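Novice: Here it is, the structure, as structure tokens.
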Amino acid sequence: MEQLILAQQILFITDKYKFYAGIFNLIVGLIGNIGIILVFTTLRLFRGNQSAFYFITESISDIGLFLALNIPRFAGRILGYDPVQTSIVWCKIQNMALQACALYSLFTICFLSFDQYLSTNVRPSWRQKSTLKLAHVLTSVGMCFALLHSSTVFIIYEIQSSLGCNVYNPIAKNYYSFFYLPILANILPLAFTVTSSLLAYRNVRRIVRLQLPVIRRRLDRQMTTIILVRVIVMVVLGFPYIIISQYAMRLNITENNYLEIAIVSLLSAIFASLLHANFTVNFYVFLIVSSRFRRQTKTILVKKCWRSIKSCFNQRPTTIRMNQISPETPPPSVCHNGEVFLSKLFQSYTIYLNHYFKFHHIHYSATCYTSLTLSMTMLTINDYLDGLHCLHEAQKVNATTEEIIFKLRLYLEDKVGDQHILNTILTLIKTENIIDFSNYKKFEYCTSLLPLFMIFICLENSFIEQK
């Protein structure tokens, strides 16, 4: 009798834990997965990138998994009973959705690690196989398999009055115990992703010796680090659930082991919440391990999303109209021998900026916080030095002029706000031959980048002359 009362108390705690852990995972997971979708769909750097496509599809699948897992729980709180344990329709639909989304997310991680191995391979023929088309094909195959496999839920899941929604067919139970849970949903994905990620990490360590653009190398390093950490998180959070699920599947249910059943249920709920956290923490883990991802997220949330939200509440529009004056090309003599010009310009404009900030510091302290902070954050000399560092890295690997121009444009667009603002500034510099933005207050926040704007114009003109 005492064991029965204790078992009931444990089951009550288990029910409360499932509900609140589900709410936590739902809120944190929705925020994190939406953040991943925003970062990888908004930044131009990730457009057309296969790894970014895999992360986007996985995040969409993870959102579907959390909704399928928690909607019945919320409905049960409202109705006063669990519809999954009483309605055969809810039972089959929820388990089908959970199985399909979980399998598809696992397959996506496998495809992601395999594609990263191809894209970082030393052999050019293997790197050429890593394409967005291959990503579309693999995700389509994974989606079809996940849907077909989860459709078996309509046949094998049943409801019994005493035990609720579960698998009771002996053959199906053996399949889930000995193949689906331990092998298909755990060992195979873990072994495949760990192997592919380690091989990709080895490739990235060797990729320094390849003559690849600096943008490509940095992107490969960033994505490989993120993918490797993603695999480690999946192993750490998923392994405990494998053990407890295997034990629970072999547990004999009798009238004398209610306490054991209750304890196993509590442990299963705890480890299941950790397993679900595997699909929750991606965004936050990426922020921790990748400083570049932190900067990219800050760019999206602070400089773009927050500026758009503030513009909705401002009476005056903050968007900048495009200058319709067609840009004029500076004389060829100004940009003759672009490489020599670039190295000299680095030195001269570094001195220029140091003097500029030294003599204008008081002016900025008085004005930038009253007018400019309403629209854009004041850029500093550190932003200019970061741009020089990017150009220096590109020169060290003998990047072509076209690659340097592309990298510098991406950097400047990221700093000033967007492509339209950058085009307006470049047109203004070409047509007005300005040396500062004292007469153009709306662009004063990017004064520190003025040398980089001029470098970009000269490189662009030099490239046109070469062609």
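Novice: Less than 18 Å apart at the alpha-carbon level, and either on another chain or at least 8 residues along: which aspartates and glutamates does that give for K298?
Specialist: Filter leaves D383, D386, E413, D414, D418.
Novice: Okay, next question. With 28 Å as the limit, write out which pairs from K133/K415; K92/K133; K129/K415; K133/K173; K18/K173 have Cα-Cα distances beyond it, or answer none.
Specialist: Beyond 28 Å between Cα atoms: K133/K415; K92/K133; K129/K415; K133/K173.
Novice: Moving to a separate point now. So if I average 1/r over every pair of distinct C-alpha atoms in the stretch 56-197 and take the inverse, what Kirkwood radius in Å does that give?
Specialist: 16.9 Å
Novice: Using a simple charge model, +1 on the beta-carbon of Lys and Arg, -1 on the beta-carbon of Asp and Glu, nothing else, what dipole does the stretch 1-289 show about its Cα centre, in debye to the nearest 20?
Specialist: For this selection, approximately 1780 debye.
Novice: Can I ask one more? With every protein chain left in place and a probe of 1.4 Å, what is the accessible surface of Y241, to the nearest 10 Å²?
Specialist: 70 Å²
Novice: Based on the inverse mean of 1/r over its pairs of different Cα atoms, what is the Kirkwood hydrodynamic radius of the stretch 47-107, in Å?
Specialist: Taking the inverse mean of 1/r over all distinct Cα pairs, the stretch 47-107 comes out at 12.7 Å.
Novice: If you rank I60, I381, I429 by how much accessible surface each has, with a 1.4 Å probe, what is the order from largest down?
Specialist: Accessible-area ranking of I60, I381, I429, largest first: I60, I381, I429.
Novice: Provide the net charge surrounding R409, with neighbours chosen by a C-beta distance below 10 Å and charges set as Lys +1, Arg +1, Asp -1, Glu -1.
Specialist: Spelling it out: positives minus negatives among the neighbours equals -1.
Novice: What is the sum of charges around W90, taking Lys and Arg as +1, Asp and Glu as -1, for the other residues whose C-beta is under 12 Å from the C-beta of W90?
Specialist: Here the charged neighbours net out to +1.
Novice: So, one more: Among L6, F279, T152, which residue has its Cα furthest toward the positive end of the charge dipole of the stretch 1-289, with +1 on Lys/Arg Cβ and -1 on Asp/Glu Cβ?
Specialist: About the Cα centre, the residue reaching furthest to the positive side is F279.
Novice: Once all Cα-Cα distances of the stretch 1-289 are split into 5 Å bins that start at 0, what whole-number percent is in each one?
Specialist: With a bin width of 5 Å, the distribution comes to 1, 5, 10, 15, 18, 16, 12, 8, 6, 4, 3, 2, 1, 0, 0.
Novice: Using the Cα centre of the stretch 1-289 as origin and beta-carbon charges of +1 (Lys, Arg) and -1 (Asp, Glu), tell me which of A191, I270, L45 is placed farthest towards the positive end of the dipole.
Specialist: After comparing all options, I get L45.
The values are calculated or read from the model by the stated rules, or taken from the named source; none is laboratory data. Quantities reported herein were computed from a predicted structural model and do not represent experimental measurements. Because the Cβ atoms are built from the backbone with ideal geometry, glycine has one as well, and the counts that use them run over all protein chains shown. When the accessible area is computed, the model is the full protein with side chains, heavy atoms only, and any ligands, DNA or RNA have been set aside. Shrake-Rupley method; radii C 1.70, N 1.55, O 1.52, S 1.80 Å.
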